[in-house]
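Following: one structure in structure tokens, then a few remarks.
The values are calculated or read from the model by the stated rules, or taken from the named source; none is laboratory data. Note that the structure is a prediction, hence the values are computed from the model and not measured. Neighbour counts are summed over all protein chains in view; Cβ atoms, including those assigned to glycine, are modelled from backbone coordinates with ideal geometry.
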Amino acid sequence: MIASSSVLESLHQSGYAVLDSHPVSKHLILDSYQEWKRFFASDSKFGFFPRKNCRSGYFEFQSEGVQGSQTMDPKEYYQHYPRNFLPDAIRHTKKLLVDLEALGLALLDQVQTELHE
């Protein structure tokens, strides 16, 4: 059993749940962080601007703010959508995405099962 009644209760009450024990490798998560850190520190990121008719890609520093707030949040980011490209150097993240999707599907299956009990 992946989801416990406490996860279901948390989802019901707040819409969120925190998993502190899951099958996704901590090393894979840390390796993914490191490869993105290297990607953003390199000039190769400039070769990954979004292609025409594609929303995936690298976006240079932009400032965003919460509506009604004077505080701006400058950030650069790589936006990714399923079935769109990722840089070849981002191989750990590709595996992480597969593992996270599998975990999400297993959690949804468990939640659905418990809701019908």
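A few comments on the model shown:
- Scanning region 7-36 for residues that are free of Cβ contacts under 8 Å to residues at least 40 places away in the same chain, in a helix (DSSP H, G or I) and closer than 28 Å to D109 by Cα yields E9, S10, H12, Q13, S14, K26, H27, L30.
- Among residues of region 65-78 that are under 24 Å from I90 (Cβ atoms), those with a Cβ under 9 angstrom from a residue that is of a type in the set (S, T, N, Q) and surrounded by 10 or more Cβ atoms within 10 Å (Cβ to Cβ), sequence gap 6+ or separate chain, pair up as P74/Q62; K75/Q62; E76/Q62; Y77/Q62; Y78/S56.
- Within the option set A89, A41, A17, being among the hydrophobic types (A, V, I, L, M, F, W, C), out of contact with any strand residue (DSSP E or B) (no Cβ under 9 Å at 6 or more places or on another chain) and surrounded by fewer than 10 Cβ atoms within 10 Å (Cβ to Cβ) holds for one residue only, A41.
- Test: residue in region 29-45 that is modelled with pLDDT under 85 and either over 21 Å from the mean Cα position of the chain (by Cα) or not aliphatic (A, V, I, L, M) (or both): no
- Search result, residues across region 71-117 that are modelled with pLDDT of 90 or more, assigned to a loop (DSSP other than H, G, I, E, B) and within 12 Å of the chain's Cα centre (by Cα): H80
- Y58 satisfies every condition listed in (1) loosely packed, with under 10 Cβ neighbours inside 10 Å; (2) in contact with a helix residue (DSSP H, G or I) (Cβ under 9 Å, 6 or more places away or on another chain) except (1).
- Residue selected from region 107-117 under the condition surrounded by fewer than 15 Cβ atoms within 10 Å (Cβ to Cβ) and among the aliphatic types (A, V, I, L, M), by the criterion farthest from E60 (Cα to Cα): L115
- Out of F49, F39, sole residue that is of a type outside the set (S, T, N, Q), assigned to a loop (DSSP other than H, G, I, E, B) and free of Cβ contacts under 8 Å to residues at least 60 places away in the same chain: F49
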